[in-house]
Amino acid sequence: MDWGADSQMIDIADFQQVEMRVGTVVHAESNVKARHPAYKLTIDFGPLGQRTSSAQLTEHYTASELVGLQVVAVTNLEPKRVAGVKSEVLVLASVGEDGTVLITPAKGVNNGSRIA
């Protein structure tokens, strides 16, 4: 199956190295240093603690709408400085013609739950 010119196949062992977990946004504020509108998020991953992320989600979400929302994030990437924010996790979203839309669990789960 051809997924597009940019797609590169990986094996299951590569995929299993990516740690994705569910967390709840406990704080969201505008990241005023970002070149493109973004929020600085603080996300509670339960036993893993709280982590921060900078995410370009302003098109479909207000900061207050994000607080309390469970999100899925990659939690084992090296931290990266993004517009003055130490981004410790990568929040997952669908990015396309309809904008950036968060990937969230269909039902509430425990913070820190692993995505398999």
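The values are calculated or read from the model by the stated rules, or taken from the named source; none is laboratory data. Computed from a predicted structure; not experimentally measured. Reconstructed Cβ throughout: ideal geometry from the backbone, glycine too, with neighbour counts over all protein chains shown. Remember, those area values only see protein heavy atoms, side chains included, never the ligands or the DNA or RNA. Shrake-Rupley method; radii C 1.70, N 1.55, O 1.52, S 1.80 Å.
Computed values, structure above
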item: Failed item, numbered, when Asp14 is tested on (1) at negative phi; (2) touching a strand residue (DSSP E or B) at 6+ places or on another chain (Cβ under 9 Å); result: (2)
item: Test for Ala38: is it within 22 Å of Gly99 (Cα to Cα) and within 14 Å of the chain's Cα centre (by Cα); result: yes
item: In the stretch 77-110, residue least open to solvent (accessible area, probe 1.4 Å) [restricted to those that are of a type outside the set (A, V, I, L, M, F, W, C) and in contact with a Lys or Arg (Cβ under 9 Å, 6 or more places away or on another chain)]; result: Ser87
item: Single residue of the stretch 18-34 satisfying the filter (touching a residue at least 24 places away in the same chain (Cβ under 8 Å) and in a loop (DSSP other than H, G, I, E, B)) that is most open to solvent (accessible area, probe 1.4 Å); result: Lys33
item: Among (1) at pLDDT 95 or above; (2) open to solvent by 50 Å² or more (accessible area, probe 1.4 Å) - the single one Leu66 does not satisfy; result: (2)
item: Residue under evaluation Thr52, criteria (1) crowded, with 16+ Cβ neighbours inside 10 Å; (2) modelled with pLDDT under 95; (3) among the polar types (S, T, N, Q), criterion not met; result: (2)
item: Hits in the stretch 41-84 - residues which are within 11 Å of the chain's Cα centre (by Cα), of a type outside the set (Ser, Thr, Tyr) and farther than 15 Å from Thr100 by Cβ; result: Ile43, Arg51, Gln70, Val74
